[in-house]
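A.B. asks: Quick one: the structure is below, and I'll ask about it shortly.
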């Protein structure tokens with residue numbers, strides 16, 4: 001049996017991200033078959049039992065995940081030119097008044113927080129920011145099966161079989177896109193459900209079939225809906241919620 005890096009197995013099993021795995025190993029917070037492992041790069045058999053001690057579990061439980069209704073004009077991650085990153089919107093004053101979480105906001109919760117997926121600068125809607133590598137892996141990992149739903153206003157004339165092509169058959173950068181679900185909501189609006197998120201994917205897909213996007217809003221990620229969260233406001237992911 002081929003031995004695999006411990007950190008890789010930890011990530012694959014959903015225990016944590018690869019980066020977190022290395023941190024936990026160095027701290028002595030990881031056991032393999034009951035034996036503490038502290039050496040980075042350690043390889044084990046895939047059927048061996050990996051456990052995290054209470055300190056690692058406590059650290060994970062203290063990490064927050066935030067749902068933001070990102071306005072147009074903010075970038076998802078790093079600042080670009082004169083445009084601010086979405087995380088700058090997160091503060092005590094902009095918290096949704098109906099947030100049911102008992103957590104108290106602390107600026108330390110923004111340390112190490114990062115968007116789990118992108119939302120273009122000229123798009124609005126649900127953006128997930130998290131300190132938790134498990135959440136990030138679930139949403140943007142290579143094997144992620146979490147779908148994302150968008151409402152898209154368009155102009156133009158759809159080419160023949162254009163709707164079918166949007167659902168399956170288009171390529172971007174010479175790479176075939178995964179199947180999508182695309183339906184008309186009304187004469188000016190489409191509903192997209194995707195399981196991938198290439199840069200400006202929906203806008204580029206629409207261009208290939210004769211349409212121009214004039215408005216785009218992400219309204220759902222997995223089981224989490226944008227709901228009535230106001231533009232520019234945020235709330236915590238509840239303990240009873242999951243993607």
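The values are calculated or read from the model by the stated rules, or taken from the named source; none is laboratory data. What you see is a predicted model, and the numbers here were worked out from it, not measured in a lab. Here Cβ is always computed from backbone atoms with ideal geometry, including for glycine, and neighbour counts include all displayed protein chains.
A.B. asks: Go through the residues of region 184-195 one by one and say whether even a single one is surrounded by fewer than 15 Cβ atoms within 10 Å (Cβ to Cβ), out of contact with any strand residue (DSSP E or B) (no Cβ under 8 Å at 6 or more places or on another chain), outside the structural domain of residue 105 (by TED's automatic domain parsing) and in contact (Cβ under 8 Å) with a residue 60 or more places away in the chain.
C.D. replies: no
A.B. asks: Being over 25 Å from residue 134 (Cα atoms) and in contact (Cβ under 8 Å) with a residue 40 or more places away in the chain narrows it down to one residue among 219, 231; which is it?
C.D. replies: So the residue among 219, 231 that is over 25 Å from residue 134 (Cα atoms) and in contact (Cβ under 8 Å) with a residue 40 or more places away in the chain is 231.
A.B. asks: Something else now. Just give me the residues in region 164-177 being loosely packed, with under 11 Cβ neighbours inside 10 Å and within 22 Å of residue 117 (Cβ to Cβ), in sequence order.
C.D. replies: 171, 173, 175, 176
A.B. asks: For region 143-152, what are the residues that are crowded, with 16+ Cβ neighbours inside 10 Å and out of contact with any helix residue (DSSP H, G or I) (no Cβ under 8 Å at 6 or more places or on another chain)? So that I can check it myself, show each step before the final result.
C.D. replies: Filtering region 143-152 for residues crowded, with 16+ Cβ neighbours inside 10 Å gives 144, 146-152.
Residues satisfying the conditions are 147, 148, 149, 151.
A.B. asks: Tell me the residue from 121, 128 that is within 30 Å of residue 8 (Cα to Cα) and either out of contact with any strand residue (DSSP E or B) (no Cβ under 7 Å at 6 or more places or on another chain) or outside the structural domain of residue 15 (by TED's automatic domain parsing) (or both), please.
C.D. replies: 128 is the lone residue from the list that is within 30 Å of residue 8 (Cα to Cα) and either out of contact with any strand residue (DSSP E or B) (no Cβ under 7 Å at 6 or more places or on another chain) or outside the structural domain of residue 15 (by TED's automatic domain parsing) (or both).
A.B. asks: Sticking with this structure for a sec: What do you reckon, is residue 112 under 26 Å from residue 79 (Cβ atoms) and modelled with pLDDT under 90?
C.D. replies: For residue 112, the condition - under 26 Å from residue 79 (Cβ atoms) and modelled with pLDDT under 90 - is met.
A.B. asks: Moving on. Given (1) in a helix (DSSP H, G or I); (2) touching a residue at least 60 places away in the same chain (Cβ under 8 Å); (3) touching a helix residue (DSSP H, G or I) at 6+ places or on another chain (Cβ under 8 Å), where does residue 203 come up short, assuming only one miss?
C.D. replies: (3)
A.B. asks: Please count how many residues of region 215-243 are surrounded by fewer than 14 Cβ atoms within 10 Å (Cβ to Cβ) and under 22 Å from residue 170 (Cβ atoms).
C.D. replies: Counting residues in region 215-243 that are surrounded by fewer than 14 Cβ atoms within 10 Å (Cβ to Cβ) and under 22 Å from residue 170 (Cβ atoms) gives 0.
A.B. asks: Given region 1-78, what strands (runs of 3 or more DSSP E) lie entirely inside it while holding 2 or more residues that are within 25 Å of the chain's Cα centre (by Cα) and touching a residue at least 40 places away in the same chain (Cβ under 8 Å)? Walk me through it before giving the result.
C.D. replies: Values: elements: 30-32, 50-52, 65-70.
It comes to 65-70.
A.B. asks: May I pose another question? With (1) exposed (fewer than 14 other Cβ atoms within 10 Å of the Cβ); (2) in contact with a strand residue (DSSP E or B) (Cβ under 9 Å, 6 or more places away or on another chain) as the list, and residue 161 as the residue in question, which single condition is left unmet?
C.D. replies: Of the numbered conditions (1) exposed (fewer than 14 other Cβ atoms within 10 Å of the Cβ); (2) in contact with a strand residue (DSSP E or B) (Cβ under 9 Å, 6 or more places away or on another chain), the odd one out for residue 161 is (2).
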